[in-house]
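A short worksheet on the structure shown next.
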Amino acid sequence: ITGQPEWDRLSCAVCSDVYQGYGILSIWDISLLPVKSVGLEMFMHEGKPMIFEATVKAVDEDGNYEFSLFRQSLDIHESRARTNYDSGDVIEGIVTGGNDKQAFLITESGYTAIYHCGNFMSTPIRRKGRAMTCRRRRPSRI
């Protein structure tokens, strides 16, 4: 990532011995979660631009690329979710919605989760923006 020509677009350079070129990465091609503001500093590590293995979505008539990190981001979130689920770790998140039996969360790791509450969930727990901590219950053994 080499620059930020618009608030929702990042300019990129290909870092490869095989391919060359430049392109754009839209923030909408990084995650399912809406991002209100993205700064170039978010993509820096120890003062140097971070390097990502992106997917080429398209190539324009000038040979510039349109990149996506969506699949890669989804894979990372799925892996984190699976690790949390398998380990029974406590999951922290923010409620984004819900109904009488479940709350929809965005976890601190960035993946979405559904918290099932049996037959009843109180209105304060379902309130959007409320922080929530939960743990997966392990099945009892017979």
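The values are calculated or read from the model by the stated rules, or taken from the named source; none is laboratory data. Owing to the predicted nature of the structure, the values given are computational and were not obtained by experimental measurement. Neighbour counts run over all protein chains shown; Cβ positions are idealised from the backbone, glycine included. Note: accessible area is taken over every heavy atom of the protein model, side chains too, but ligands, DNA and RNA are not part of it. Shrake-Rupley method; radii C 1.70, N 1.55, O 1.52, S 1.80 Å.
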Q: State all residues of the stretch 36-54 that are farther than 16 Å from Ala13 by Cβ, within 17 Å of the chain's Cα centre (by Cα) and outside any loop (DSSP other than H, G, I, E, B); if no residue qualifies, say none.
A: Met42
Q | Hits in the stretch 85-99 - residues which are without any contact (Cβ under 8 Å) to a residue 24 or more places away in the chain and open to solvent by 70 Å² or more (accessible area, probe 1.4 Å) | A | Asp86
Q) When residues of the stretch 22-46 are filtered for being open to solvent by less than 30 Å² (accessible area, probe 1.4 Å) and at pLDDT 80 or above, how many remain? A) 6
Q: Output the qualifying pairs, or none if there are none: Cβ atoms under 6 angstrom, residues six or more apart or on different chains, first residue in the stretch 9-33 and without any contact (Cβ under 8 Å) to a residue 12 or more places away in the chain and on the phi < 0 side of the Ramachandran plot, second residue open to solvent by 100 Å² or more (accessible area, probe 1.4 Å) and not charged (D, E, K, R).
A: Ala13/Tyr22
Q. Within the stretch 102-113, is even one residue open to solvent by less than 60 Å² (accessible area, probe 1.4 Å), over 24 Å from Ile30 (Cβ atoms) and either modelled with pLDDT of 65 or more or within 17 Å of the chain's Cα centre (by Cα) (or both)?
A. yes
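Residue-wise test of (1) touching a strand residue (DSSP E or B) at 6+ places or on another chain (Cβ under 8 Å); (2) among the polar types (S, T, N, Q); (3) modelled with pLDDT under 85.
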residue: Lys48; (1), (2), (3): no, no, no
residue: Ala54; (1), (2), (3): yes, no, no
residue: Ala58; (1), (2), (3): yes, no, no
residue: Tyr65; (1), (2), (3): yes, no, no
residue: Leu74; (1), (2), (3): no, no, yes
Q) What number of residues in the stretch 63-84 are surrounded by 13 or more Cβ atoms within 10 Å (Cβ to Cβ) and over 21 Å from Leu10 (Cα atoms)? A) 4
Q: Report whether or not Ser11 is of a type in the set (Ser, Thr, Tyr), in a loop (DSSP other than H, G, I, E, B), open to solvent by less than 80 Å² (accessible area, probe 1.4 Å) and in contact with a Phe, Trp or Tyr (Cβ under 9 Å, 6 or more places away or on another chain).
A: no
